[in-house]
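What follows draws every value from the coordinates through simple rules; no lab data is involved. Just so you know, these numbers come straight off a predicted model, no measurement behind them. Neighbour counts run over all protein chains shown; Cβ positions are idealised from the backbone, glycine included.
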Amino acid sequence: MDDLARRLFRHQRLLSPEAHNTLAGTPGLIDRLEIVLENGADLPLVIDRSHLEDLGLIKVADLGMAQGGGLLESKSTDKMTDKPSQPERLKGVGKEVMEVKEAETTSAPNNVNIKPLGSGLPPLKDVVSDDKFGMTGIARSISGAIRIGEKTPVKISRSSGPGGKPRPLAAEYEGELKVLKDPGENMGGQGKIDDFRKLFMDRYRSLREMLVTQYGALSSCYDIGDLRGAEDAVGFIGIVESVRTTKNGHRMVMLEDMTGGIRVLLSKNKRELGSVNIVNDEVVGVVGKYKSGDGRGGPIVFADTIYKVDVPGHHRRRISEIKGLSAAFTSDIHIGSRMYLDKEWKRMTRWLKGESGASLPAKDGSRIKYLVLAGDLVDGIGTYPDQEKDLEIKDIFKQYEALGESLSLLPDHIEVVLIPGNHDAVRLAEPQPPLPREYQECFSNSHLHFLSNPAFFSIHGVHVAGYHGKSIDDLVTLFRDVTYENPIEGMKEMLRFRHFSPAYGMRNQLSPEERDCLIIEEIPDIFVSGHVHRFGLDNYKGVQLIEGSAWQSQTPFQKMMNLKPQPGKMGIVELDLPDAMHAWELT
Ligand SMILES: [Fe+2]
Ligand SMILES: [Fe+2]
């Protein structure tokens, strides 16, 4: 895949050969096209030259030049041939990765989970020759209310509400929610050894591709099996098998790929290496000096630089074209618990109806178009020993019925996204499927969207990653700066790893699916998490972070563990402004 195709691939689009030539021959055009795509332009899966013209990015005359084999075309040819299609040294597994990715691109990009917008093409699920990406699950309508990949035309109604009162701003626009990536119910890992092998192969391949794309130093790198005989500086990418501290205080990392393994020494004397967090099973790039066997354990690489996928540069947040709409984010409602904060939740509902009583003005409540609930919707049954004595509602169906009743009090114009957590009635291992249909029937709202954990979706063009956040239980043991008091640091680590749960085999359970659904392939604009019952707003390289609070006061278990929740809060994001994010709380 060349650079142009790769850049469009990130936006879940492909290029026709003519459009490719035009882009290749017009300096800066790809940048302008990316800006248009980031702003939610309604473009089909395959972008042709006519679409570039429709967008006003090129003139008809430009097209003629490109078609006619003039200067633009010759430039384009030069550009394309100047850039090697494949790194010279990339062979073995690396080559295989490139070939696989190219094959995927021509048939079905793995992160294209939406129906091509207005293209007249068949849905992607019909294009995909096999369902190795779980596309069937992705492309289905989970609740029947989700409009997957179909851009809803904005409907503007200026009519008044009951009693001649002006309608809330959010009621004037239809919801525009698209599921971008959601493994759905089609999770089929059986827990066999081969399933785990496939999971880690996929993790390695996906993250390797991201590293190669992002860092020029890794664009032509070795397979570990080919390092023997290499001279001087080498670059390669591996998955971490183990990390230990040597008796001299250096860190020794064992890295492997499909061709072999190698020891990598991170010297304590290199300050830039000292601050790099490395955990088992993450995928990292290394540039360093290779030394053949030293008689004490074979070959070794002395690392100069460690490359993590991370968020490269500063992410530019997408914005809604509609002025004034906002989204509210919270988590951990825990209905059914004796500690559930019913009064506070109802006051929040009243604020969403445009009444005062919160730290933000009452009119802001009428701007909320989306409410995102990031897991632990109910308290559940049997989630921890002796939970029964903490329960007000001891029947799981009745817990969901209570939640359904509570959500039915919300204004009808709000689209509600429900992501499960470890207290909900789904399997514990992640990714967790959406709430099963028998529980969905406990709800009567027409604007509910039951998604998986994690889920990637867009709201009025702004991309959101929702993950309940149970991997924080592992991250607090791995990193000094990640604590239960300050879990938002854990969210930053997830973005650095571009994986919601990078370490395998600890407290958080992962299901061995064919695809590693916990990889953060696309950088979200907003990342919401929960689980810890703390509240926080932050920004990491342009990604807005929301730690989702809770609607449950301190439990006996939390008291015993000295965990202090910060309940009854929400993060409010103004969708049309790139930086506007506020804390909501009762006054
Ligand atoms: Fe919770
Ligand atoms: Fe939780």
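To the nearest 0.05, what FRET efficiency results for Glu321 and Arg228 with a Förster distance of 35 Å applied to their C-beta separation? Could you put the intermediate results ahead of the total?
Values: r = 56 Å, r/R0 = 1.59.
For Glu321 and Arg228, the calculated efficiency is 0.05.
Between Met252 and Lys291, what FRET efficiency follows from the Cβ-Cβ distance if R0 is 22 Å, with the result rounded to 0.05? Could the numbers behind the result be given before it?
Numbers: r = 14 Å, r/R0 = 0.62.
My answer for the efficiency is 0.95.
Pull out the extension gain between Ser242 and Ser16, defined as 0.36 nm times the separation in residues minus the alpha carbon to alpha carbon distance; nm, one decimal.
On the way: separation 226, 0.36 × 226 = 81.36 nm, distance 4.45 nm.
Using 0.36 nm per residue and subtracting the Cα-Cα distance, I get 76.9 nm.
Ranked from highest to lowest mean number of other Cβ atoms within 10 Å per residue, what is the order of the peptides 436-442, 525-531?
Numbers: 436-442: 15.3, 525-531: 27.4.
Top of the packing list down: 525-531, 436-442.
What is the order of Thr246, Thr587, Thr383, Thr330, fewest Cβ neighbours within 10 Å to most?
Working: Thr246 12, Thr587 8, Thr383 17, Thr330 27.
With the sparsest Cβ surroundings first, the list reads Thr587, Thr246, Thr383, Thr330.
Starting from the amide H of Leu14, placed 1.01 Å from N in the peptide plane, find each other amide H under 5 Å away whose residue is 5 or more places distant or on another chain.
Val46, Ile47
What ranking do 541-549, 256-264 get when scored by the average of other Cβ atoms within 10 Å per residue, highest first? Present the calculation step by step, with values, prior to reporting the outcome.
Details: 541-549: 24.3, 256-264: 19.0.
Ranked by mean Cβ neighbours within 10 Å, highest first: 541-549, 256-264.
Let me spell out the model: positive unit charges on the Cβ of Lys and Arg, negative unit charges on the Cβ of Asp and Glu, origin at the Cα centre of the stretch 196-307. What dipole size does that give, in debye rounded to 20?
Details: 16 positive and 14 negative charges, 94 e Å.
Dipole magnitude for the stretch 196-307 comes out near 460 debye.
In 10 Å bins starting at zero, report the fraction of Cα pairs in the stretch 196-307 per bin as a rounded %.
Histogramming the stretch 196-307 at 10 Å steps yields 14, 51, 31, 4 percent.
Strictly over 23 Å apart at the Cα level, which of Lys268/Lys289; Lys289/Lys492; Lys369/Lys569 would you flag in this model?
Working: Lys268/Lys289 16 Å; Lys289/Lys492 30 Å; Lys369/Lys569 17 Å.
The answer is Lys289/Lys492.
Per residue of the stretch 252-266, what does 6.51 cos²θ - 1.76 cosθ + 1.60 with θ = phi - 60° give for ³J(HN,Hα)? Whole Hz please, x for Gly and Pro, Karplus curve as stated.
My calculation for the stretch 252-266 gives 10, 10, 9, 10, 9, 10, 6, 10, x, x, 8, 7, 10, 9, 9 Hz in order.
Tabulate in residue order the Karplus-calculated ³J(HN,Hα) for the stretch 566-582, using 6.51 cos²θ - 1.76 cosθ + 1.60 with θ = phi - 60°, rounded to whole Hz; enter x for Gly and Pro.
Calculated HN-Hα couplings, in order: 10, x, x, 10, 9, x, 10, 10, 7, 6, 9, 10, x, 10, 7, 8, 10 Hz.
Between Phe443, Phe397, Gln432, whose Cα lies farthest towards the positive end of the dipole of the stretch 325-480 when Lys and Arg beta carbons carry +1 and Asp and Glu beta carbons carry -1, centred on the Cα centre?
Phe443
Tell me, in nm to one decimal, what length is gained between Lys270 and Thr483 on full extension, where the rule is 0.36 nm per residue of separation less the Cα-Cα distance? Don't jump to the answer; show the numbers that get you there.
Numbers: separation 213, 0.36 × 213 = 76.68 nm, distance 2.66 nm.
Between Lys270 and Thr483, full extension yields an extra 74.0 nm.
If you stretched the chain out fully between Tyr384 and Leu409, how much longer would it get, using 0.36 nm times the residue separation minus the C-alpha to C-alpha distance? Write down the numbers at each step before the final one.
Values: separation 25, 0.36 × 25 = 9.00 nm, distance 3.04 nm.
Result: 6.0 nm gained on full extension.
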